[in-house]
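Please treat every number below as a calculation from the coordinates, not as lab data. A quick note: this is a predicted structure, and the numbers were derived from the prediction, not measured. Glycine gets a Cβ as well: all are built from the backbone with ideal geometry, and neighbour counts include every protein chain shown.
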Amino acid sequence: MKALVLTSPGTFEIADVPVPKPGPQEVLCRIRAVAICGSDPEIIRGGLAGVWPPSYPFIPGHEWSGEVVDIGASVHGLLPGDRVAGEAHKGCGICRNCLQGRYTLCENYGRPETGHRHYGFISQGAYAEYNVYSVRSLSPLPDSISFREGALVDTAGAGLHGIELAGVTAGGTVVVIGPGPIGLIAARFARALGAGRVIVVGRGARLQAAAALAADAVVDFEQEDAVGGVRALAGDAGVDEVFECSGAPGTFAQAVRMVRKGGRVALIGVPPDAVREEVPFKYIVHNEIAIFGSRANPNVSRKIIRMLAAGRVRFADLVTHTFPLQQFATALDTFTGRRDGAIKVVIEPNGPEA
């Protein structure tokens, strides 16, 4: 099969590699669509070499959908031809966090002998014509949902998990900081879950996209103070929830200053290791501000798929570019350079859906 193979930090090629074989409780999937994630360029660049990936050669990619083509032993409920959407995480299933359903916080992370997998990060990923996955990392995908939309289920899960941790006040006001793909989808979920008003904070073309696709109001932090702009729109009392989806320096403290007394902040965006925040400690204590860290997308994929199928949310308009696997370099440049209004760039290793 053809696959995108990282051969060393910053170096990759489209190569012929063996098709993997499914083991017990695993299935072989034909990858029909895989979306470029914000973490992929750093993995490809080698900024996390030795961790993500642990060694070379390596196949990255984790936001994908496709169809089952073969099943391993002890597989129940999936058959060849079934359409599925994948998740990156598969916990060991036996540690305390996994038993509580918090498998993205698996205590055996990075120990494949326990059954842990993190596809596209430490386990071989989806930038290939085929890959093997645990049945625990798959969700059925109805015919009514395209493979391109299915590839965004993993992306969307990061937003929905953070929203579920913090909650959405019915009829309340929500702020989303960072109008990237996760932020745009989080804004749509907040509205679908009952928010009365959604304000998005950002800049440039992405903020313009938010104004057109997801927000009731926007604040351009290059033109005005983000906290002041939000409070001018929402009132001096502040907003009910803030979902920080950028991971940019300074936004944690801004989020805290935006919420009302008793408000809630979910930190969904992943900052670089070097980012250190100074937060208003006393303000948080005296105003009982609740803060939630949020990692990835546990237990939300099937909810997202049901909402897509019911028309409660949509993702199709967020896929702005598609490429075959052989044009991955152009696709990556389009994504990182945000060329031609790129929001979500999808690779189709086995060609476009009919």
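Annotations for the structure displayed:
- Extension gain, A354 back to S8 (0.36 nm per residue minus Cα-Cα distance, nm): 121.0 nm
- In this rough spin-label picture, where each label sits 7 Å from Cα along the Cβ direction, the R312-A73 distance is 4.0 nm.
- For the chain, leaving out every one of the GluC sites (Glu not before Pro) that falls in a DSSP loop and has at most 10 other Cβ atoms within 10 Å, the longest unbroken run is 1-221.
- Under the combined filter of DSSP loop state and at most 16 neighbouring Cβ atoms within 10 Å, region 201-239 retains these trypsin sites (Lys or Arg not before Pro): R203.
- Bridging of K261 to aspartates and glutamates at a Cα separation below 14 Å is possible for D236, D240, E241, E288, once same-chain residues fewer than 8 apart are set aside.
- 3J(HN,Hα) from dihedral phi, region 295-312, Karplus parametrisation 6.51/-1.76/1.60, rounded to Hz, x for glycine, proline: 10, 6, 9, x, 6, 10, 4, 5, 5, 4, 4, 5, 5, 4, 4, 8, x, 6
- Net charge contributed by nearby residues that have their C-beta within less than 9 Å of W64 (K/R +1, D/E -1): -1
- Whole-angstrom gap from region 77-108 to region 1-42, using each part's C-alpha centre: 19 Å
- Judged by the ratio a/c of the largest to the smallest principal axis of the C-alpha gyration tensor, region 314-354 counts as oblate, that ratio being 1.5 or greater while a/b is no larger than b/c.
- Loop-located trypsin sites (Lys or Arg not before Pro) in region 99-187 (DSSP state not H, G, I, E or B) with no more than 16 neighbouring Cβ atoms inside 10 Å: R102.
- Above-threshold pairs, the threshold being 27 Å between Cα atoms, out of K303/K344; K21/K344; K2/K90: K21/K344
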